[in-house]
1. In terms of the Cα gyration tensor, with a ≥ b ≥ c the square roots of its eigenvalues, is the chain rounded because a/c is under 1.5, prolate because a/b exceeds b/c, or oblate?
2. Residues in segment 350-372 near a label at residue 30, defined as backbone nitrogen under 15 Å from the 7 Å Cα→Cβ point?
3. So for segment 156-273, averaging the separation of alpha carbon pairs under 8 Å that are six or more residues apart and normalising by length, what relative contact order in percent results?
4. Using alpha-carbon pairs under 8 Å, 6+ residues apart, how would you state the relative contact order of the chain in percent?
5. Would you grab the residues whose amide H sits under 5 Å from the one on residue 177? Only those 5+ places off in sequence or on another chain, please, with H modelled 1.01 Å from N.
6. Between residue 71 and residue 314, what is the spin-label point distance in nm, taking each point 7 Å from the Cα along the Cα→C-beta axis?
7. Counting Lys and Arg as +1 and Asp and Glu as -1, what is the net charge of the other residues whose Cβ lies under 14 Å from the Cβ of residue 192?
8. Give the lysines reachable from residue 304 as a straight Cα distance under 18 Å; neighbours fewer than 8 places away on the same chain don't count.
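Any read-out appearing in this document is the output of simple, stated calculations on the displayed coordinates, not a laboratory observation. Note that the structure is predicted; figures quoted are calculated from it, not measured. Methodologically, a virtual Cβ is constructed for each residue, glycine included, from the backbone with ideal geometry; neighbour enumeration extends over all protein chains shown.
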Amino acid sequence: MLPAVDEPLVARMRQFGETIFAEMTRLAAETGSINLGQGFPDTDGPRSLLEGAIRRIEQGVNQYPPGPGRVELRSAVAADRAQRYGLEYDPETEVYITVGATAGIAAGVLGLIEPGDEVVLFEPMYDSYAGVIALAGGVRRPVTLRPSASEGGRFTFDADELRAAVGPRTRMIIVNSPHNPTGTVLTSAELDVIARVCRENDLIALTDEVYEHLTFDDAVHIPLATRQGMRDRTVAVSSAGKAFSVTAWKTGWVMGPEPLVRAVRTVNQFLTFTANGALQLAIADAIRDEMAWVGAQRDALQRKRDRLAAGLREAGFEVLRPQGTYFVMTDIRPLGFTDGIELARALPRTAGVAAVPAQVLYDNLDEGRHLVRFAFCKRDEVLDEAVTRLTRHAGR
Ligand code: PMP
Ligand code: GLN
């Protein structure tokens, strides 16, 4: 029997309902809509990766791996990080495998934030950050990313607003680049501003780099940990889902100096204890052998971005062109709409297309009211059909 209280959920989580991604995917399924809401590809990852996992399962790799993850994957992650970014991590003590980036982020926040500590982060913010900060009893201090007219709508932050968000209780900054949902890839100059704020205020940085491979045109991903003084104050998180188009595999990794990784490990052993085993071995091989596949996937995604962006523009949206990720942000006001939540809740029924209203990713709701995110990680014919439906919906 349930305890006799009106609301059994703990008070600090009552501000949260179903995540927007789950809601929109459910709405898409109920209405038979094209789902450009939740970001997942509709094609598979590299064949060798899938076969590698099947082979390991058949070979009996089906019991608990070590808590920190299989050493094969920790070593592959460390070697890759060293080769691509010049960042050295000891696979024994400085790399730790988690159930997706989500668990790494959760354990990082829960292990490093005291109740009442403040966390600076950029809005729109990926929804799990707010959830785990609340679980930890922390306080969000959002800095708004805004489209810059001089950069073709690229979202960026104001350095003074960032500095003003930091106070005596600030303990951590969360930095997501390439950024979901705006597609911004932070430049070395922007990262240097953030790094300076971290050094001057003795902050820990938690970086979410799950889209590290998915950057377009001449944008390149630069880890914050490469900036002056940052390696030893940064917990970097990434995962296999986006790199290899296997979002269901939920295998991520945390990299940082031993004391910070130890904090993650101490918490995570009581959250999930460990992650899958067979998949870890298959991913370790793919990190070594399938980077050409990842590069080709990146090129294909860039073309998909261009395809969907052009279609959305024709359908009347203002397109705020992304430099990376799976997503394109749009301003709906040229179509005569003002509220993205209203539009996104209606679109599956009225147009047969699902999208994500960006407003739910803001604390300052007015900043995101008119913004709607579309995912372009779909087959070309699916993108084209979505554009046809949206164009018809707009009466064009
Ligand atoms: N961070 C961001 C910015 C994301 O978009 C996602 C969603 N894929 C995650 C973290 C979660 O990654 P994972 O599926 O590896 O937990
Ligand atoms: N990262 C995906 C997105 O932003 C969704 C992941 C999720 O459903 N939690 O669409």
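1. Rounded, because the longest to shortest axis ratio a/c is under 1.5.
2. It comes to 350-355, nothing else.
3. Working: 165 pairs, mean separation 24.2, N = 118.
20 percent.
4. Details: 814 pairs, mean separation 94.5, N = 396.
With pairs under 8 Å counted, the relative contact order is 24 percent.
5. The list, which skips near neighbours in sequence, is 208.
6. So the two model labels end up 5.6 nm from each other.
7. On the way: positive: 163, 196, 199, 227; negative: 190, 200.
Overall, the nearby charge balance is +2.
8. The reachable lysines, counting only those whose Cα sits under 18 Å from residue 304, are 242, 378.
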